[in-house]
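J.: Below you will find the structure I want to go over with you.
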Amino acid sequence: MMNSQLLIPLILERAGSFFAHKEIISCLPDRSIHRYTYRSLSERAVKLSRALQNLGVQYGDRVATFCWNHYQHLEAYFAITGMGAVLHTLNIRLSAEDLAYIVNHARDKIIIVDQVLLPHFEKFKPFISPEKVIVIKQSEEPVSAGYLIYEEVLDLGVHDEFKPFDGNENTAALLCYTSGTTGKPKGVLYSHRSVVLNAMSFLSSCTGIGIEESDVVLPIVPMFHAAAWGFPFSSTFSGATQVLPGPNLDAPGLLSLIADHQVTITGAVPTVFVNILNYLTDHPNKYSLKLKQIILGGSAFPQYLIRDFKEKYGIAVLSTWGMTELSPLGSTAVITSELKVRTEDEQFDFATKPGIPIPLLKIRARDDNGLVAWDGQSLGELEVRGPCVASGYYLSTEPSENFTEDGWLKTGDIVVIHPNGYIELKDRNKDIIKSGGEWISSISIEILLMSHPSVEDAAVIAVPDDKWIERPYAFIVLKKGQVATSEELKKFLTDKVAKFCIPDKFSFIDSIPKTAVGKTQKYALRNRYFDENLKDK
């Protein structure tokens, strides 16, 4: 066999050669629509690569982006990796302090910034020292002196010769940082090989995704978060039409994009689709949708989300699980032939789980006594390994407790694995509740509470108890105009879980605090509980 390397430039080359006429549609900050083709993407990405070389970027240098989802960000994805440099996507939802730390730790040489994000960028700009900052202009507002303008930078690369990176597939391509909920953010360096393999998982029908050339793909998940789950690469690989929403992420705006451009596949965290479902319920018959699949990831969600989209609108919902360390897709809740002969309720139950691992990813779970059985009951921490799994953290000089001695990644997720290989997430290891010798899954209780007709969101934490050591405590966000009491919610749970799993107390709040990537900030809820209940003790 030929020794052909798996390189990101081959993805763009394929799109430019075979799907040059297909469109990339961007919704800009002012909600105007920009359209162009894969041919234009290819040409402009090459120009940007040349221009960055003229600005001094060399192999291995980090070039950061601080941008929403749009065509220029997609150009940067392929231009930076296509010249052998490292694309570093900065999460715009992180604090200025964290962003300054990340930029300095990564030693970013150049940063590309959306004009609409300059106010946030300038909060941490005094604490970083990139050589150049390139601004993507998005309005007639003037840009401060000292910044380069993106379209003017492109002109620097018009006439130069350029040869795409054709080196080793294990060369660094992308740098993504974890959200840092348990300490400083950690860098995960993706290789060309891991990116290409993970993108191909999106194209595989065995994962339940199977993006095709005829699809119209709307990645709502941000391009600044874990490479938008691989959507930019997999969609370009297949030649699918791409619809990029920019900062316009409200339910009516997203639904208009989905309807106007006949989107067939989209993906984001569950909160986004809870809002979309609620809006569709309040505005029946407003939109004509050709949407066939929604991809969910990032946090637990109630079963009704899958049922309602399927039964009311004929839209399939696919649950997924992943991590920054996995490039990032890890598993999908594909309904296998073994599950299709089970009852509909059982199928919906499995459809809310993380599912089975993508091809080439190996899984196992371990407790204090060793590896646990795949029996659907034995709890253990999920461990994974494979060609798309990080083996360490960027610039880390000390062995990480996140890896086993034999080279597996410890995910921090407490799971059971069913006999058919389905992963069922029970909790994060730091969030599982240990009450009177029994383990209680906070996620399981949250999912049940969110299935109550009056509950929009829920989070369950462990709180100290004199008798049982720990007990579950629930925070509840009610749907607009709905009413529920603690006793009503306890009664709702009575025939669904063991008595000891039912929270002793409920706190009704306006919103659940979320991380920059949409996950529940349980440490913030724990702090709130202690501030409100133990401040006088």
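J.: Going residue by residue through region 75-89, is there one that turns out to be of a type outside the set (D, E, K, R) and at pLDDT below 95?
T.: no
J.: Right, Val263: under 22 Å from Ala15 (Cα atoms), modelled with pLDDT of 95 or more and either assigned by TED's automatic domain parsing to the domain that holds Thr89 or hydroxyl-bearing (Ser, Thr, Tyr) (or both) or not?
T.: No, not satisfied.
J.: Every residue in region 265-289 that is of a type in the set (Ser, Thr, Tyr) and within 24 Å of the chain's Cα centre (by Cα), please.
T.: Hits for region 265-289 are Thr266, Thr271, Tyr279.
J.: Let me ask something else. Restricting to region 109-137, and then to whatever is among the acidic types (Asp, Glu) and in contact (Cβ under 8 Å) with a residue 12 or more places away in the chain, can you tell me which residue is surrounded by the fewest Cβ atoms within 10 Å (Cβ to Cβ)?
T.: Glu131
J.: Same structure again: Out of the residues in region 83-108 that are aliphatic (A, V, I, L, M) and out of contact with any helix residue (DSSP H, G or I) (no Cβ under 9 Å at 6 or more places or on another chain), which is surrounded by the fewest Cβ atoms within 10 Å (Cβ to Cβ)?
T.: It comes out as Ala106.
J.: If you scan region 133-157, which residues turn out to be part of a loop (DSSP other than H, G, I, E, B) and under 19 Å from Pro9 (Cα atoms)?
T.: Residues satisfying the conditions do not exist here.
J.: Against the condition in contact with a Lys or Arg (Cβ under 7 Å, 6 or more places away or on another chain) and either of a type in the set (Phe, Trp, Tyr) or assigned to a loop (DSSP other than H, G, I, E, B) (or both), how does Glu161 come out, does it pass?
T.: No.
J.: What's the total number of residues in region 458-503 that are touching a helix residue (DSSP H, G or I) at 6+ places or on another chain (Cβ under 9 Å) and part of a loop (DSSP other than H, G, I, E, B)?
T.: 8
J.: Given the condition on the phi < 0 side of the Ramachandran plot, over 30 Å from the mean Cα position of the chain (by Cα), among the polar types (S, T, N, Q) and in the same structural domain as Thr65 (by TED's automatic domain parsing), answer yes or no: does some residue in region 122-142 qualify?
T.: no
J.: Determine which single condition Leu360 fails, assuming it passes every other condition in (1) within 21 Å of the chain's Cα centre (by Cα); (2) in a strand (DSSP E or B); (3) more than 23 Å from Tyr177 (Cβ to Cβ); (4) not polar (S, T, N, Q).
T.: Only one criterion is unmet by Leu360, namely (2).
The values are calculated or read from the model by the stated rules, or taken from the named source; none is laboratory data. Bear in mind the structure is a predicted one, so any value in this text is a computation, not a measurement. Methodologically, a virtual Cβ is constructed for each residue, glycine included, from the backbone with ideal geometry; neighbour enumeration extends over all protein chains shown.
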